[in-house]
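The values are calculated or read from the model by the stated rules, or taken from the named source; none is laboratory data. What you see is a predicted model, and the numbers here were worked out from it, not measured in a lab. Neighbour counts run over all protein chains shown; Cβ positions are idealised from the backbone, glycine included. Note: accessible area is taken over every heavy atom of the protein model, side chains too, but ligands, DNA and RNA are not part of it. Shrake-Rupley method; radii C 1.70, N 1.55, O 1.52, S 1.80 Å.
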Amino acid sequence: MSAAMDTESTYSGYSHYSGHSKKAHRQGRDRHKSPRSKDGSRSEKSVTIQTPPAEPLLGNDASRAEEGQDDNWGETTTAITGTSEHSISQEDIARISKDLEDSVGLDCKRYLGLTVAAALGLLVFLTPIAFILLPQILWRDDLEPCGTVCEGLFISVAFKLLILLIGTWALFFRQPKADLPRVFVFRALLLVLIFLFVFSYWLFYGVRILDSKDTNYQGIVQYAVSLVDALLFIHYLAIVLLELRQLQPMFTVKVVRSTDGESRYYSLGHLSIQRAALVVLENYYRDFTVYNPALLTASKSRAAKHMAGLKVYNVDGNNASGQSRAMIAAAARRRDSSHNELYYEEADHERRVKKRRARLVVAVEEAFTHIKRLQAEEQQKAPGEMMDPREAAQAIFPSMARALQKYLRTTRQQQYHSMESILQHLSFCITNNMTPKAFLERYLNPGPTLQYDRDRWFSKQWTLVSEEAVTSGLQDGVVFVLKCLDFSLVVNVKKIPFIKLSEEFIDPKSHKFVLRLQSETSV
């Protein structure tokens, strides 16, 4: 408990964020107020993919409390209490209201499609039962006796309906992963086909059986059995169109992040553009490293500084062409020497990163050695005095906090790792008896996007920009863009080439060799 109190007294830097929070709030508001890209030079269609709300990765209340935390959690600060003031502009209100309207429209569209599909499915399952029961209710006394044949057909219909129910539940009733901008063409075609099929069966049943009051009950039951068989075949067709058709790779897509140029390659089958975009986003969160805009700040500032070195003045309209050419030549010489500055800057940065990485590795190894010693000592104490993993993490965290904070600042990762998330990861490593190297893996190597707290990277809304219709299939040379607030993903589609293999037979008896000896050799 004393170690926990020392940790709380040492790291009480949450209120130090008061100055930084207003600045970050103004910057975030200005970023949200920046208009979206409007490209009117070419005819392109823009639609939106909105992912459904999900639970945070960490799933605790501390993740919401750490949003107001300072990056200086590794240093001793003074707690200052005060009143927090927040402001909101008319643009923010308009943007929030627009987002609410879009979300309501998407929810209505999703629930409307689900309602139509559920109603049609209920009609499909009740139709064979109605075909069998209606003659028994309306003209029971006029029906011909069926006996054992009809009883066997009843059992067949029951089991086939059960199999169809399980298959329909497994294929169609899934939790949606995203809201696509357009309907899924094959699924809509299957729904239309099922509706026309059931309607035609009802039409024939009403004209030939209900109106004439057919007394051949065995034929009526066989008619219901034929309906169930046809529905099973339609279900097989749905499996082929919705699941099997897209399994064979036909295209290779290259995904490039527009800000830093990081790219990945994926193989896709026969998919529409909107479904290919959904697959790309699912793989993006798993394969791409987290987007870090702080890494781009240095290159932008260096380019701006070199561009500012070129200044040409023409006062009172006088001809100063010679002076202008001299200034341009001098600026060009300065730009030619900029590669030396870039070289030494990167070398110095790598040196500082290696130095602070070594300090961090040593500090973490010493801290883990300390907790192992504590565990050996605590085994001899009373059960009431033993520490849980959270208390053990709080006990050893101060010894590594400063080295970890300096390393994260040098590598510009401090905005993705809060003190609370580091403590949780440390307690997780202690609970599962993980080594210091396993603890440091998250911080030494930038991991995939899903590794971090979703509040720091998750983009709720993506915009799909494509010159082709998003319901059309992938083709060779198709390019579409997935845009979010900070960056975009450019996707280029290439068809896998046709490969022709030839066979060449080699006779095993042809593998015979002769050793040729020469007089000059030592053999």
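Among all residues of region 419-427, there is at least one that is acidic (Asp, Glu), in contact with an Asp or Glu (Cβ under 6 Å, 6 or more places away or on another chain), modelled with pLDDT of 85 or more and under 16 Å from TYR452 (Cα atoms). In region 436-445, which residue that is open to solvent by 20 Å² or more (accessible area, probe 1.4 Å) and among the aliphatic types (A, V, I, L, M) is nearest to the chain's Cα centre (by Cα)? Among those residues, the one meeting the criterion is LEU444. Remark: VAL124 matches the filter, which requires a residue to be at pLDDT 85 or above, under 30 Å from LEU180 (Cβ atoms) and either surrounded by fewer than 13 Cβ atoms within 10 Å (Cβ to Cβ) or β-branched (Val, Ile, Thr) (or both).
Residues are listed down the side, and each one gets a yes or a no for (1) outside the structural domain of PRO145 (by the TED database); (2) aliphatic (A, V, I, L, M); (3) assigned to a helix (DSSP H, G or I); (4) crowded, with 17+ Cβ neighbours inside 10 Å:
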position	(1), (2), (3), (4)
VAL228	no, yes, yes, yes
LEU232	no, yes, yes, no
ALA238	no, yes, yes, yes
VAL255	yes, yes, no, yes
THR259	yes, no, no, no
TYR266	yes, no, no, yes
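Go through the residues of region 240-248 one by one and say whether even a single one is under 20 Å from ARG286 (Cβ atoms) and either surrounded by fewer than 14 Cβ atoms within 10 Å (Cβ to Cβ) or in contact (Cβ under 8 Å) with a residue 40 or more places away in the chain (or both). There is at least one residue in region 240-248 that is under 20 Å from ARG286 (Cβ atoms) and either surrounded by fewer than 14 Cβ atoms within 10 Å (Cβ to Cβ) or in contact (Cβ under 8 Å) with a residue 40 or more places away in the chain (or both).
Quick check: anything in region 446-466 loosely packed, with under 13 Cβ neighbours inside 10 Å and over 21 Å from ARG286 (Cα atoms)? For region 446-466, residues loosely packed, with under 13 Cβ neighbours inside 10 Å and over 21 Å from ARG286 (Cα atoms): absent.
For residues in region 155-174 being in contact (Cβ under 8 Å) with a residue 24 or more places away in the chain, closer than 20 Å to THR115 by Cβ and open to solvent by 40 Å² or more (accessible area, probe 1.4 Å), which is farthest from the chain's Cα centre (by Cα)? Residue satisfying both the conditions and the ranking: LEU165. So which residues in region 390-435 are surrounded by 21 or more Cβ atoms within 10 Å (Cβ to Cβ) and of a type in the set (D, E, K, R)? Passing the criteria: none in range.
Taking the criterion of being at pLDDT 85 or above and either under 23 Å from the mean Cα position of the chain (by Cα) or open to solvent by 30 Å² or more (accessible area, probe 1.4 Å) (or both), the residues of region 183-193 that qualify are PHE184, VAL185, PHE186, ARG187, ALA188, LEU189, LEU191, VAL192, LEU193. You will find that of PHE480, PHE498, PHE487, the residue that is open to solvent by 70 Å² or more (accessible area, probe 1.4 Å) and at pLDDT 85 or above is PHE498 and no other. Quick check, is GLU144 open to solvent by 80 Å² or more (accessible area, probe 1.4 Å) and at pLDDT 75 or above? Considered against the rule, which asks whether it is open to solvent by 80 Å² or more (accessible area, probe 1.4 Å) and at pLDDT 75 or above, GLU144 comes out as yes. If you go through region 197-214 and keep only what is of a type outside the set (Gly, Ala, Ser) and loosely packed, with under 14 Cβ neighbours inside 10 Å, you end up with PHE199, LEU203, PHE204, VAL207, ARG208, ASP211, LYS213. Residues in region 130-141 that are surrounded by 11 or more Cβ atoms within 10 Å (Cβ to Cβ) and assigned to a helix (DSSP H, G or I): ALA130, PHE131, ILE132, LEU133, LEU134, PRO135, GLN136, LEU138.
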